[in-house]
Amino acid sequence: MKDVAEICSDLIRFDTTNPGSGERPAAEYTATLLAEAGLEPVVFESEPRRTTVVARFEGDSPDALLIHGHLDVVPADPAEWRLHPFSGEIVDGCVYGRGAVDMKGSCAMTLATVLGMRARGLRPRRDVVLAFLADEESTGDLGSRHAVTEHRELFDGVTEAISESGGFSVESSGRRVYPVAVGERGTAWMKLTARGVAGHGSRPAVDNPVATLVAALARVASHQWPVRLTPSVAALIRSLSEITGQEIDLDRLDAEAERLGPLGTLFKGQIRNSANPTMLAAGYKVNVVPSTAEAHVDGRYLPGQQEEFLATIDELLGPKVTREFVNLEDAPAAPYPSAFFDELAGALVAEDPLARPVPYVMSGGTDAKSFARIGIQGYGFAPLMLRPDLDYFGMFHGKDERVPVEGLEFGTRVLTRLLT
């Protein structure tokens, strides 16, 4: 039976860059492992080679838990990496490669957990639905959204789900904190357009859309969004105050985040909305004022903040710039406190007695948004015990992405405890 590091390496060696040639090879590998373990994987495609795998591991109760992960990864330039990003090499106790953290390592832990349980004849306490999805690194249209609309029946009985961006360790001053995500910020990816009057670049502009758009983008980029403390983030801050034994000043949270170092990163990006210009296009010749200019902005907003966020964006853009959504997703939130959160926390503490689980809200987004559409409450829980010197957040979409083998083994043990 393959161990978790070997599965992780194998998955990384499939180049599933999005955009690219698709997830099919990694999906076929995943389906083969599940079938060899005696499960009956369902494999389907939203488009050629955009492949998703779903299987059900039957347990003692039909009240099902969903474990989902994505098989696609963001691009990686081999010239910028210490080791080739699709080598899957194991060096210095770490598996290297694009997707090691985001999130083929987590998919490997799920597979290793299921394979290990099947080999030992262990049955989960409840049905477990396993989903290995396409297209998370884009909009999810070809992955999780397609799955919940076209294959809804595969998720019958599912009430909760776990996936990426939670359950990892953050060490600071001898403390080992494990944030478990109970929500994430909403997504508002926007295309902006300014229209004006085309003309010769040597003449005074009548209505230059490039200038209009650049001025609007400058207002968006420099805007200081106000702090909006949601209940889950407030609970996180209270927990960190108890763990550190130091009161966190709610009136100066930016400074407090800097003071707390690694622990401060858990709330630094989750106390306000944000909007970052990311793409800009205009014109076709240096001496021609174009009639249009376009840009894209990555907007994120906290649970319950969509209306305020969009109203602020419109005010910043002004009347001469229009916006349309490339992707708009609500900000999902799962119950906290809850019995299921306690189960997740208990599985961590059982494997690491020094673990201090805390609630957490993700600054980005995951496929949990799609599953929330069909009433599934999503938690970020892909357990990893990490080395203190490993910048977990820096691994996401970063160079030399890697994950410790011992961390993967820890996560597999935690998942086994959770399921049994």
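The values are calculated or read from the model by the stated rules, or taken from the named source; none is laboratory data. What you see is a predicted model, and the numbers here were worked out from it, not measured in a lab. A quick note on method: Cβ atoms are made from the backbone with ideal geometry, for glycine too, and the neighbour counts reach across all protein chains shown. Note: accessible area is taken over every heavy atom of the protein model, side chains too, but ligands, DNA and RNA are not part of it. Shrake-Rupley method; radii C 1.70, N 1.55, O 1.52, S 1.80 Å.
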(request) Please verify whether region 337-359 includes one or more residues that are part of a strand (DSSP E or B), touching a residue at least 60 places away in the same chain (Cβ under 8 Å) and within 25 Å of Phe132 (Cβ to Cβ). (result) no
(message) Checking the condition in contact with a strand residue (DSSP E or B) (Cβ under 9 Å, 6 or more places away or on another chain), surrounded by fewer than 22 Cβ atoms within 10 Å (Cβ to Cβ), within 24 Å of Asp389 (Cβ to Cβ) and in contact (Cβ under 8 Å) with a residue 40 or more places away in the chain, which residue from Gly97, Gly59, Gly88, Gly93 passes?
(response) Gly93
(request) May I ask you to verify whether Ala64 is in contact with an Asp or Glu (Cβ under 8 Å, 6 or more places away or on another chain) and more than 21 Å from Leu142 (Cα to Cα)? (result) yes
(request) Test Arg24 against the stated conditions and say whether it is open to solvent by 10 Å² or more (accessible area, probe 1.4 Å), at pLDDT 95 or above and under 24 Å from Arg402 (Cα atoms). (result) yes
(message) With the structure loaded, tell me whether Thr32 is β-branched (Val, Ile, Thr) and crowded, with 17+ Cβ neighbours inside 10 Å or whether it fails that test.
(response) no
(request) Considering each residue of region 62-84, count those that are surrounded by fewer than 16 Cβ atoms within 10 Å (Cβ to Cβ) and either farther than 22 Å from Cys8 by Cβ or among the acidic types (Asp, Glu) (or both), and give that number. (result) 5
(request) Return the residue satisfying two criteria in turn: it lies in region 330-368 and is under 20 Å from the mean Cα position of the chain (by Cα) and of a type in the set (S, T, N, Q), and of such residues it is surrounded by the most Cβ atoms within 10 Å (Cβ to Cβ). (result) Thr366
(request) Show the residue pairs that are 6+ apart or on different chains and have beta-carbon atoms under 6 Å apart, the first residue being within region 203-226 and closer than 16 Å to Arg323 by Cα, the second being assigned to a loop (DSSP other than H, G, I, E, B). (result) Pro209/Gly196; Thr212/Lys320; Ala216/Gly318
(request) Just need a number here: residues in region 103-150 that are farther than 26 Å from Glu47 by Cβ, outside any helix (DSSP H, G or I) and open to solvent by 10 Å² or more (accessible area, probe 1.4 Å). (result) 7
(message) So, in region 355-380, exactly how many residues are modelled with pLDDT under 95 and more than 20 Å from Leu66 (Cα to Cα)?
(response) 2
(message) So in region 151-187, with the set limited to residues that are crowded, with 21+ Cβ neighbours inside 10 Å and assigned to a loop (DSSP other than H, G, I, E, B), which one is farthest from the chain's Cα centre (by Cα)?
(response) Ser169
(request) Within region 371-382, identify whether any single residue is more than 25 Å from Glu242 (Cβ to Cβ) and of a type in the set (Phe, Trp, Tyr), and answer yes or no. (result) yes
